[in-house]
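Heads up, the thing below is written out as structure tokens.
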Amino acid sequence: MKRKAIILSFLAALLLAAVPVVAQEEKGFTKFNVVEDFTDNGFQWFRDAQLLAAGDKVKSNAMTIGWGGIGTLWGRPAMTVYVAEKRYTKEFMDKSEYFTVMAFDVKDSKVLNYMGTKSGRDGDKAQALGLHTAYTPNGTPYYTEAVMVIECKIMYVAPFDSNGFKEVPTRMYSHFPAGIHTMYIGEVVNAWKK
């Protein structure tokens, strides 16, 4: 009986280890190489708004972002995102090793609008929208309704230093109640699209 329980535990562990990849494939996602196959305009991609998510299988949160950068840093494909100090998602970013950035179809602008105007402190935004949370093999949350998911491993974190502000940030932060942003630079470790 003991041997049967051990074998069943082993098989269950193997099955659980394979679930994230299978789930992504079942939801229509295909893995792609961002260096070779990312064809969107990097100068426009964040202006169109994306979703940033962080957390784990116990608790996570996402928010709409309109600032970011795509490129190469320290010889690695990298993505930079910015989160203001009073945003609920910042708590998750500061505790996480990974984050995801998700693109949604233009017709899903209600998702981006809701995620950008409501706080996760007041309730589960994904549940309110009927989104389905899934997890990458690293355990990073994403929504299966996205059309692209890019997973990043955080390499560098630093808040903006207001002593370095020139005209544009000085003007912007003079009327911005959410506080100064923190910069998160992540190495792109996985990417999937539909």
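The values are calculated or read from the model by the stated rules, or taken from the named source; none is laboratory data. Since the model is a prediction, treat every value here as computed from it, not as a measurement. Cβ coordinates were reconstructed from backbone atoms using ideal geometry, including for glycine residues, and neighbour counts include every protein chain displayed. Just the protein is used for accessible areas: all its heavy atoms, side chains included, with ligands, DNA and RNA removed. Shrake-Rupley method; radii C 1.70, N 1.55, O 1.52, S 1.80 Å.
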Among residues of the range 130-159, those that are over 12 Å from the mean Cα position of the chain (by Cα), open to solvent by less than 40 Å² (accessible area, probe 1.4 Å) and within 18 Å of SER109 (Cα to Cα), counted
2
Going by the structure shown, is LYS153 among the basic types (Lys, Arg), in a strand (DSSP E or B) and within 23 Å of GLU187 (Cα to Cα)?
yes
Sort out which residues of the range 68-88 are outside any strand (DSSP E or B) and either in contact (Cβ under 8 Å) with a residue 60 or more places away in the chain or within 12 Å of the chain's Cα centre (by Cα) (or both), and write them in order of number.
TRP74, GLU85, LYS86, ARG87
Of everything in the range 43-67, what is open to solvent by 20 Å² or more (accessible area, probe 1.4 Å), in a strand (DSSP E or B) and out of contact with any Leu (no Cβ under 8 Å at 6 or more places or on another chain)? Give them in sequence order.
SER60
Could you run through the range 41-67 and say how many residues are touching a residue at least 60 places away in the same chain (Cβ under 8 Å) and of a type in the set (D, E, K, R)?
2
Have a look at SER162, SER119 and point out the one that is farther than 21 Å from VAL58 by Cα, touching a helix residue (DSSP H, G or I) at 6+ places or on another chain (Cβ under 8 Å), surrounded by fewer than 16 Cβ atoms within 10 Å (Cβ to Cβ) and among the small types (Gly, Ala, Ser).
SER162
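For the range 176-189, check the following and say yes or no: at least one residue is among the hydroxyl-bearing types (Ser, Thr, Tyr) and assigned to a helix (DSSP H, G or I).
no
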